[in-house]
Amino acid sequence: MLRLKILVSAAPLIAAAILARVEFSPGIRPCLAIGSNTIQIASVPWHADLHVSFTDDPSLATVRVAISDSAETADFAVVDDVDGMEETACAATPATRFVAISAYASGSAPVIYLSHDDSTSDYRIFVRSKRFTERDAAALVVGARGERPHLAAEL
């Protein structure tokens, strides 16, 4: 009976250790290297230097990002379908800035509106990637360049 109690009391600790290993293990996270600086999607929200959120309502957006159909018309293009990618291209350093994608808008954090209409966009992105989503790319671009000084609602 004592063995069963020990096993039952140890089970939550074992489960927590397994979940922590899966959730917090260093994997390849979407990132952007600009010179000697690196911006990376944060694996945990409390580790982020900048939080961004997304909206489907353009009047609530502070930054508008258009999804381009070609790399030539984009301000930022991600194409990573090549073989032999460098795993250390975006190595985390003490200077790395982390961006977290939040479910809800908060305070002065950028709120991004993604669309295919680039007539009113602040940035244009092109994404063909196995690792990046359009949302990841938009968050990294906004994190790299900073939020525009105006609100989209003021346009």
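Values in this text are rule-based calculations from the coordinates and carry no lab data. It should be emphasised that the depicted structure is a prediction, and the values quoted were computed from it without experimental measurement. We place every Cβ from the backbone using ideal geometry, glycine too, and count neighbours over all the protein chains shown.
Give the peptides 60-69, 42-51, 124-133 in descending order of average Cβ contacts within 10 Å, highest first. Provide the component values of the computation, followed by the final result.
On the way: 60-69: 21.0, 42-51: 14.6, 124-133: 16.6.
Order by mean packing, descending: 60-69, 124-133, 42-51.
How far apart, in nm, are two points set 7 Å out from the Cα along the Cα-to-Cβ line at Ser9 and at His47?
Placing both labels 7 Å beyond Cα along the Cβ direction yields 3.2 nm.
What residues qualify as long-range amide H neighbours of Ser102, i.e. H under 5 Å apart, gap of 5 or more or another chain, H built at 1.01 Å from N?
Val52, Ser53
At 7 Å along Cα-to-Cβ for each site, give me the label-to-label distance between Thr55 and Asp80 in nm.
2.9 nm
Kirkwood hydrodynamic radius of the stretch 100-150 from all distinct Cα pairs, in Å? Provide the component values of the computation, followed by the final result.
Values: mean 1/r = 0.0828 Å⁻¹.
Kirkwood hydrodynamic radius for the stretch 100-150: 12.1 Å.
Please give, to one decimal in nm, the separation of the simple spin-label points placed at Glu72 and Thr96, each 7 Å out from Cα toward the Cβ.
Between Glu72 and Thr96, the label points sit 3.6 nm apart.
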